[in-house]
Every structure is written in structure tokens, then in C-alpha cells.
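What follows draws every value from the coordinates through simple rules; no lab data is involved. Everything numeric here is computed off the predicted structure, so don't read it as measured data. Don't worry about glycine lacking a Cβ; one is built from the backbone with ideal geometry, like all the others, and counts go over all protein chains shown.
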Amino acid sequence: MNTLEKLVELFRQFPGIGPRQARRFAYFLLTRDSSYVNSLSSLIREAKKEIKKCASCHRFFTPNPKSKIQDECEICSDDTREQNTLMLVARDVDLEMVEKSGTYRGVYFVLGGTLPILEDSPEKKIRIKNLELRVRNDRKLSEIIFALNANPEGEHTAEFVAVTISPIIKEKNIKISYLGRGLSTGAELEYIDPDTLKSALKNRA
């Protein structure tokens, strides 16, 4: 395998990137001058050096030099957040989308991914052990919100997590809730797919 093919293979490891896109990325870099490539490699090294993983929610964050707390992100260390509510998300980008909505004031836990239906080693795919430890040791926690994708992997992950932590949930009397699903604002019944309509009826208020 020559250098170009190695570069293409590296880009193929990126989430959602196929062979054609990976090759386009590789050729794009080859068309850039040395300063661009040097800046890119330097920025990646700086990011790996400066960005940390939060000890509480496991999201990536850049510590504020002025903050006394360096091992927790600004969300987990914020006293104004509702510490009794924990939202489970698959990845950092999901957390960011919820934050942008401005509708949630609790804290988070990033699982690190989702589970394929036939996964043999779930503990290697998601942070289930870390979650169990978090739930068991958190005295303030009263509700856990599952905010996972509405697809087979997301639902399978939610089911696995719920079953795994159920003994702790029952012991501590913690409420489990899921994001509501159904019709979006402005949707017309004529154009709604059967699964969405079924979900809307099941979750009717």
C-alpha cells in the first residue's frame, strides 16, 4: 500500500466517510500548499494536547485556565444546572445539539456510541461500567432521560442500558424517561409515515 492509499484508508476510518469521500479528502490535501498542511497537523497536535475528557460526563472539552475545576467541563461544574436530572446521549455531537436547543438544564452522560444488535461485547462499545458507577454514587440523581436515536441501534442501546442499570434504579427509586416521539410541528397527516403516526398515537397527551 503506497502513501496515498494509506492516507485514503485513514480518512475511511472517519465516521460516515466512504471510500469515494476519503479519496476526495486525500486529493484535497495534496492540492494544498505546505503551510496549510503544517497548520492542520499543528492544530491536531494542539487539540490532542489541550482538549480533555470530562471526568463526570465524559464529553471532550477545553478547560478554562481561570477555572478552579480542571477535570470537569463547564456544564458539570455549573452549580446552576439541575444536578438531579441526567440525560444519556450517544456522542458529543448529540449533547451539543441538545444544548443548542436551550430547553434542557440538567447534566449529561456520553455513552460513547451505540450498540449493534448482535454486539457480543457491549462493554467495549459504550461506557456502561462508568454509567453504573455514576448512577450508584450520585446521591442527587432522581431522573435519567434516555436521549438516543430513534433507530434500531439506538433502541437496542437504550434497552440494554435500562436492563443493566435497573437494579440500581430500583434500589435508589430513580425515574426513567424517554424523549417523546411523534408528529413534528406543522406536519400534515397525509404525508406522515406509518411508524411516525403510530408513535404519535402511542405517545399522545
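Listing for the model above:
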{"item": "Rg ratio (alpha-carbon, reference 2.2 N^0.38 Å) - the chain", "result": "1.25"}
{"item": "Using θ = phi - 60° and Karplus 6.51 cos²θ - 1.76 cosθ + 1.60, couplings along segment 51-59 (whole Hz; Gly, Pro as x)", "result": "7, 10, 9, 4, 5, 9, 9, 6, 7"}
{"item": "Unit charges on C-beta of K, R, D, E only; dipole of the chain, Debye", "result": "500 debye"}
{"item": "Relative contact order computed over the chain (Cα-Cα under 8 Å; 6+ residues apart), in percent", "result": "13 percent"}
{"item": "Computed [θ] at 222 nm, deg cm²/dmol, the chain (DSSP H ≥ 4; -39,500 (n - 2.57); rounded to nearest 500)", "result": "-14000 deg cm²/dmol"}
{"item": "Assigned charges on the beta-carbon of Lys, Arg, Asp, Glu; segment 3-49 dipole about Cα centre (debye)", "result": "120 debye"}
{"item": "Segments 103-114, 26-37 sorted - mean Cβ within 10 Å per residue, highest first", "result": "103-114, 26-37"}
{"item": "Exposure proxy ranking, count of Cβ atoms within 10 Å, fewest first, for 79, 71, 138, 193", "result": "79, 193, 71, 138"}
